[in-house]
Amino acid sequence: MSEHLLEVSDLHVTMQRRGLPITPVDGVSLTLDRGEILGIAGESGSGKTLTLRSILGLLPKGGVAEGDLRFSNDGGRPAPFEPTEVHGHGISIIFQEPMTALNPTMRVGDHIAEGPRIHQGMSKADARTRAIELMRLVGIPSPERRARMWPHQLSGGLRQRVMIATALSTEPKLLLCDEPTTALDVSVQDQILGLLQELRGRLEMAIIFVSHDIAVLGELCDRLAIMYAGQIVEIGPADDVISQPNHPYTAALMASVPSFQGTSEELQGIPGHPPDPGAFASGCRFAPRCAFARDDCTQTTYELRPTSDDRATACIHPEVLAQP
Amino acid sequence: MMLGIVLVVFLLLQITPGDPVRQIVGLRATQEQLEEVRAEMGLDDHVLVQYGRYVGQLAQGDLGYSYKSKKPVTSMIADRMVVTAWLLTAGVLMTLLISIPAAIAAALYRGKAADQVIRGAGLLGLSMPAFWVGVMLLLLVALPTGWFPPGGFGETFGEHVRSIFLPALTLAIGSSPFIIRSLRASTISVLNSDYVATGRSIGGSRSRLVRRFVLRNAAVSSVTVLALEIGFLLFGAVVIETTFALPGLGQGLVLAARGRDLPAIQGYTLLFAVIVVAVYLLSDIAQAMLDPRVEIES
């Protein structure tokens, strides 16, 4: 395997809450290969979105990211970077709510043309032509007419396509997706997922896709990381992680979503509440809610342990999940 | 709505004490002379008759004749309006020139030194009364440098500009703090928005980000504040025109009120009301132009 596209090691995000520091992302490490789609799943507040935003330095006010982030735009060895160095140069992002992520006072054509005008020094007219090409690429019908429209005049699905076209306008090697389908209805969701998959193939672009929707992630991703309480608790090929969880949290998460096969077993909720980032449990952070917790679970320190060539788990007793 | 304003102005002046006829004929005139003038002017008619007559004339664009100068009120107002239009336009321009950069800087450097300085200066500007600022500018700038005339409006365009500079600056010092406050707050909320995150992720310089993604969105909510502020500026003009001896509407109103020149007072008050309504209408139009989501229905 050649060099990685992105390497994140020991990423911490600290924020201030009522004057006290909290650490909603606490030691996330992951790597991504060229053209690969990595999913990050987790509950609200698990730190998945903050992890994603840290890569581009787009944390909310007061958020500070620390850790070793390396990226390689040209295929060489990944090198450390400042977020501003990759804005428009290799990494783009799309957000959950396309209505709020598009500038309401900019026509969508101008919005998409902004990147080419800044980074490729295109004239207004050339950039407009490029914007219309991009709109066609992401499947927006009659792009010439729609380029002159305002964001509020488009449907949710089209808005997200405009957002994707904007992200693609700078020809990124990595597209960060922050729950881009959550705000859309299901049929539009499928179209957007199909589009992302198609674009990955055509543009050889890697994707990190953050979502709480396991079904979406299973359909789209090559690999899947499960986050809990600011840490990755399990990572591996998406199909394996979903069908054979190696962490009790993953297993509980799978039991809480409707099955793909449509069998009618009862859905299981996870007892207790997602932990507060100001008061994480010591040891394994899932232990207080874990049905298999043992005494030594509260003593352990966090570490992702490989269980096979391509899988790792933070659980120290993954054998409890072995099928009887 | 305008009819309501006319009625209120008319009634207010009817119930205020003081006899305009006495002001006209002078203190030494006899009771007979006084009654004669009163009848001549139709002031002995019933109040409602007088009101009907006033509205009737108004509908034909006639504001009556000044008791003092005997000139038509419309022509008095027209002369003075030019001066006040200069003052307000210059005042608004200076307000914007001060407020927009200051608000953007304060929002971008929120909580840092620049923000503190701008907010402190705003508080200072807010707490200084306009007439005092005006006098200070006259004493500390106009008199030592001789660049600006201490009063009057001048004859030529160049003289107008020089005469209007300090009064407009006085207005701007009083009104900028409001605009800065509002624009700073809306800029901060725009800077925290998702679309500015999108703008950042596209790359490019910060000034381009501010121009393309921030300014217009932040301006939308501050336009209303600016319109309200222009309403206040108009009344600020009353004080400032007196301080700088500018022959504008505000000064005219003060003179008319002192002389109990009822038609003139009514004329000025009515015009002020019309200007305020027009400014609010303009602000709605400006808002619709700035924000494509707002549509004006006729």
Tell me which residues come under 5 Å, amide H to amide H, from B:LEU63 once H is placed; ignore anything under 5 positions away on its chain.
-> B:VAL73, B:THR74
Within 10 Å of the Cβ of an average residue in B:284-295, the count of other chain Cβ atoms is 2
Longest exposed-loop-site-free stretch of chain A, with GluC sites (Glu not before Pro), DSSP loop and at most 12 other Cβ within 10 Å?
-> A:1-203
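Net charge within 15 Å of B:GLY111 by Cβ-Cβ distance, Lys/Arg positive one each and Asp/Glu negative one each, not counting B:GLY111 itself?
On the way: positive: A:LYS61, B:ARG110, B:LYS112, B:ARG119, B:ARG184; negative: B:ASP115.
Here the charged neighbours net out to +4.
Compute the signed sum of charges (Lys and Arg +1, Asp and Glu -1) over the other residues within less than 13 Å, Cβ to Cβ, of A:THR301. The partial results should precede the final answer.
On the way: positive: A:ARG285, A:ARG305; negative: A:ASP26, A:ASP296, A:GLU303.
Summing Lys/Arg as +1 and Asp/Glu as -1 gives -1.
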Computed label-point distance, nm, for sites B:SER75 and A:SER256 using a 7 Å Cα→Cβ extension | 8.5 nm
Using unit Cβ charges (K, R positive; D, E negative) and no other charged atoms, how large, in debye to the nearest 20, is the dipole of region B:2-59 about its Cα centre?
-> 220 debye
Using only the Cα atoms of chain B, construct the convex hull and provide its projected area averaged over every direction, in square nanometres to one decimal.
-> 20.5 nm²
Return the FRET efficiency for the residue pair A:ASP68, A:ARG136: r is the Cβ-Cβ distance, R0 is 35 Å, and the value is rounded to the nearest 0.05.
-> 0.30
For B:LEU11 and B:ALA59, extending 7 Å from Cα along the Cα-Cβ vector and measuring point to point gives, in nm, a value of 2.1 nm
Around A:VAL233, which amide H atoms from residues at least 5 apart in sequence, or from another chain, sit under 5 Å from its own amide H, with H modelled in the peptide plane?
-> A:ILE226, A:MET227, A:TYR228
Mean other chain Cβ within 10 Å across A:90-103 is 4
Projecting the Cα atoms of B:ILE173, B:THR30, B:ILE100 onto the charge dipole of chain B, where Lys and Arg contribute +1 and Asp and Glu -1 at Cβ, the residue farthest towards the positive end is B:ILE100
If one computes P(r) from the Cα atoms of region B:2-59, what percent of pairs lie at distances over 16 Å?
-> 51 percent
Fewest-first ordering of B:HIS46, A:HIS212 by Cβ atoms within 10 Å yields B:HIS46, A:HIS212
Taking R0 as 60 Å and r as the Cβ-Cβ distance between B:HIS46 and A:LYS124, the FRET efficiency 1/(1 + (r/R0)^6), rounded to the nearest 0.05, comes to 0.30
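Give me the percent relative contact order of region A:116-225, please, defined on Cα pairs under 8 angstrom at least 6 residues apart.
On the way: 83 pairs, mean separation 24.8, N = 110.
About 23 percent, as a whole number.
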Low-density loop positions, trypsin sites (Lys or Arg not before Pro), region B:13-72 - DSSP coil, at most 15 other Cβ in 10 Å = B:ARG28, B:LYS70
Summing +1 for each Lys or Arg and -1 for each Asp or Glu, what net charge is found among the other residues whose Cβ lies under 10 Å from the Cβ of A:ALA206?
-> -1
What ratio of Cα Rg to 2.2 N^0.38 Å holds for region A:207-276?
-> 1.09
Any aspartates and glutamates with Cα under 14 Å of the B:LYS71 Cα? List them, leaving off those in the same chain fewer than 8 positions away.
-> B:ASP62, B:ASP79, B:ASP261
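How would you rank A:MET15, A:MET163, B:MET289, going from fewest to most other Cβ atoms within 10 Å of each one's own Cβ?
Numbers: A:MET15 18, A:MET163 30, B:MET289 13.
So the ranking, lowest neighbour count to highest, is B:MET289, A:MET15, A:MET163.
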Mean separation of Cα contacts under 8 Å (6+ apart) over length of chain A, as relative contact order % | 20 percent
If you plug each phi of region A:23-36 into the Karplus form 6.51 cos²θ - 1.76 cosθ + 1.60 with θ = phi - 60°, what whole-Hz ³J(HN,Hα) values come out, in order, with x for Gly and Pro?
-> 10, x, 10, 9, x, 8, 10, 7, 10, 9, 8, 4, x, 8
Straight-distance crosslink candidates among lysines, where the alpha carbon sits under 30 Å from A:LYS124 and sequence neighbours closer than 8 are dropped | A:LYS173
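What relative contact order, as a whole-number percentage, does region B:76-290 give when Cα pairs under 8 Å and 6 or more residues apart are counted?
Value for region B:76-290: 28 percent.
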Specify whether the C-alpha gyration tensor of region A:1-116 places it in the rounded, prolate or oblate class, a ≥ b ≥ c being the square roots of the eigenvalues: rounded for a/c under 1.5, otherwise prolate if a/b is larger than b/c and oblate if not.
-> oblate
Region A:66-106 to region A:160-214: how many Å between their Cα centroids?
-> 14 Å
Using amide H atoms built 1.01 Å from N in the peptide plane, name the residues 5+ places from A:ILE94, or on other chains, whose amide H lies under 5 Å from its own.
-> A:LEU176, A:CYS177, A:ASP178
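Using DSSP loop states and a limit of at most 11 other Cβ atoms within 10 Å to flag GluC sites (Glu not before Pro), what is the longest stretch of chain B containing no flagged site?
Working: sites that count: B:GLU155, B:GLU295, B:GLU297.
After excluding every exposed loop site, the longest remaining stretch is B:1-154.
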Crossing angle, helix A:124-137 versus chain A [Cα axis fit, 0-90 degrees, rounded to tens] | 50 degrees
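Exactly which trypsin sites (Lys or Arg not before Pro) in region B:214-264 are in a DSSP loop and have at most 16 other Cβ atoms within 10 Å? Write down the numbers at each step before the final one.
Numbers: sites: B:ARG216, B:ARG258, B:ARG260; in loops: B:ARG260.
Those that pass, being in a loop and sparsely packed, number zero.
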Determine ³J(HN,Hα), in whole Hz, for all residues of region A:93-108 in sequence, where each value follows from phi through the Karplus function 6.51 cos²θ - 1.76 cosθ + 1.60 and θ = phi - 60°; x replaces Gly and Pro.
-> 9, 10, 10, 5, 10, x, 5, 7, 8, 9, 4, x, 10, 10, 5, 4
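Could you give the dipole magnitude of the protein assembly as shown about its Cα centre, charging the beta-carbon of Lys and Arg +1 and that of Asp and Glu -1, in debye to the nearest 20? Walk me through the numbers before you get to the answer.
Working: 51 positive and 60 negative charges, 460 e Å.
Here the size comes out at about 2200 debye.
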Classify region B:86-186 as rounded, prolate or oblate from the Cα gyration tensor: take a ≥ b ≥ c as the square roots of its eigenvalues, call it rounded if a/c is under 1.5, otherwise prolate when a/b beats b/c and oblate if not.
-> prolate
Once Lys and Arg get +1 and Asp and Glu get -1 on their Cβ, which of B:LEU282, B:ALA264, B:LEU7 lies farthest toward the positive end of the dipole of the protein assembly as shown?
-> B:ALA264
Can you give me the Cα centroid spacing of region B:11-37 and region B:208-226 in angstrom?
-> 55 Å
With the dipole of chain A worked out from charges on the C-beta (+1 for Lys and Arg, -1 for Asp and Glu) around the Cα centre, which of A:ASN103, A:LEU195, A:MET205 lies farthest toward the positive end?
-> A:ASN103
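State whether region A:52-134 is rounded, prolate or oblate according to the following rule on the C-alpha gyration tensor (a ≥ b ≥ c being the square roots of its eigenvalues): a/c under 1.5 gives rounded; otherwise a/b larger than b/c gives prolate, and the remaining case gives oblate. Mind showing how you got there, number by number?
Details: a/c = 2.79, a/b = 1.42, b/c = 1.97.
Oblate, since a/c reaches 1.5 and b/c is not below a/b.
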Using Cα centres only, tell me the gap between region B:42-120 and region B:260-296 in whole Å.
-> 9 Å
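Hull surface divided by four, with the convex hull built on the Cα atoms of region A:15-64: how many nm²? All intermediate terms of the calculation are to be shown ahead of the outcome.
Numbers: hull surface 16.6 nm².
With the hull built on Cα positions only, its mean projection is 4.2 nm².
Every number here is computed from the coordinates shown, using simple stated rules; none is lab data. Note that the coordinates shown come from a computational prediction; the quantities given were computed from them, not determined experimentally. Cβ sites come from the backbone with ideal geometry, for glycine too, and all protein chains shown count toward neighbours.
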